[in-house]
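The next block holds one structure in the form of structure tokens; read it before the comments.
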Amino acid sequence: MSAKNSFKWPYPRLIAHRGGGYLAPENTLSAIRCGHANGFGMVEFDVKLSQDNSLILMHDDTIDRTSNGTGLAATKTFNELSALDFGSWHSARYAGEQIPTFLAVARFAQENRLFCNIEIKPCPEREEETGMLVAQAAQQWWRHSQFPPLLSSFSRKALACAQKTAPELARAWLNDDLPHNFIDILEELDCVAINLKESLLDQEKINRIHQAGYKVCAWTVNDYQRAKQLLAWGCDALFTDELLRVTPDLA
Ligand code: G3P
Ligand code: MG
């Protein structure tokens, strides 16, 4: 049976983007704590591999924007990344924040009954191995959890490797377009959902996705009225950076 038919969607309708949205330095443990502390039952974060194959949280290909270092993340070992400050770029309050491991975040989520959307965000040329290693780790760390993670990626190669490694973990294909053959792609990757750029969505598209048997999540929704509209149209979940405006009571 396909995942879309057998998987019981357990996720809340609001998801804190990159952990704590704008309130904390993205993709850090402080950000995840912040999302949780602000009442969010689910957080999204981006996972990639360091040069020496540690699973770390980071969005960009380079470390320039979110740390006091420079260069490609793919060329840095975990020890090199650990020596950097991933908090000061955001605010003095977070000075000295270290890059988190995926394992540290998994532990926090488990202990605090927090759902996770694990976005597989491979460094260039590392799509397959990142998909495989993220899925392997998630399979092990969430094995007996009542809070199953949702794996997602823009990379179809990474998702296909995640599917092969841990077919039982729920998957969503991420995209900034709704191609005419989207159902074929979701079927091929045995996804339960499509995570789409919010500006693409309207009532007709949401209905079309639902009729095909898939859930739909919208990123990134930072306007309160737009969030209300998308939820009223039946959008299954929204990612937001505005944790104090697009609040969980909305859903
Ligand atoms: O997973 C939703 C959203 O995070 C996708 O875009 O670039 O913020 O990772 P990005
Ligand atoms: Mg992301």
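Each value in this text was obtained by applying a stated rule to the coordinates, not by laboratory testing. Bear in mind that the values here come from a model prediction, so they are computed numbers and not experimental data. Ideal geometry is used to build each Cβ from the backbone, glycine not excepted, and the neighbour counts take in all protein chains shown.
With a sphere of radius 13 Å drawn around the Cβ of PRO12, what net charge do the other residues whose Cβ falls strictly inside it have (Lys, Arg +1; Asp, Glu -1)?
0
Where in segment 86-113 does the label zone of ASN68 land, with the point 7 angstrom along Cα→C-beta and an amide N cut-off under 17 Å?
Of the residues in segment 86-113, 86-100 have backbone N under 17 Å from the label point off ASN68.
Local charge sum around HIS210 (other residues, Cβ-Cβ under 14 Å, Lys/Arg +1, Asp/Glu -1)? Intermediate values should be presented prior to the final figure.
Values: positive: LYS4, LYS205, ARG208, LYS215; negative: ASP202, GLU204, ASP236.
Net of charged neighbours comes to +1.
Starting from the Kirkwood radius over alpha-carbon pairs of segment 1-108, derive D by Stokes-Einstein at 37 °C in a medium of 0.692 mPa s and give it in µm² s⁻¹.
Roughly 226 µm²/s, to the nearest whole number.
Mind pulling up the Rg/Rh value for segment 190-238? Radius of gyration and Kirkwood radius, both on Cα.
Dividing the radius of gyration by the Kirkwood radius yields 0.94.
Taking the alpha-carbon set of the chain, what are its Rg and Dmax in Å?
In Å, with Rg to one decimal and Dmax whole: 17.1, 51.
Could you please state, rounded to a whole Å, how far the C-alpha centre of segment 42-67 is from the C-alpha centre of segment 222-243?
26 Å
Please report the orientation-averaged projected area of segment 60-105, defined via the convex hull of its C-alpha atoms, in nm².
3.3 nm²
Need the full-extension length gain, SER199 to PHE154, defined as separation in residues times 0.36 nm minus the C-alpha distance. One decimal, nm. Spell out each step's value before the answer.
Working: separation 45, 0.36 × 45 = 16.20 nm, distance 1.68 nm.
Once the chain is fully extended between SER199 and PHE154, it gains 14.5 nm.
For a quick protection proxy, order the peptides 162-169, 43-50, 143-150 by their average other-Cβ count within 10 Å, most packed first.
43-50, 162-169, 143-150
Highest mean first, how do 178-190, 234-246, 101-113 rank when packing is the count of other Cβ atoms within 10 Å averaged over residues?
Values: 178-190: 14.4, 234-246: 20.9, 101-113: 16.9.
Most protected by this proxy first, the peptides run 234-246, 101-113, 178-190.
For a paramagnetic label modelled at 7 Å from the Cα of GLN140 toward its Cβ, which residues of segment 91-125 fall within the zone defined by backbone nitrogen distances under 13 Å?
Counting backbone N atoms under 13 Å from the label point, the list is 102-104.
Starting from segment 59-102, pick out the trypsin sites (Lys or Arg not before Pro) whose DSSP state is loop and whose Cβ has at most 12 other Cβ atoms within 10 Å.
ARG65
Jot down the per residue volume, in cubic angstrom and as a whole number, of the convex hull over the alpha-carbon atoms of segment 85-208.
In segment 85-208, the Cα convex hull volume per residue is 151 Å³.
Under 10 °C and 1.306 mPa s, how fast does segment 150-251 diffuse according to Stokes-Einstein, given a Kirkwood radius computed over C-alpha pairs? Answer in µm²/s, whole number.
114 µm²/s
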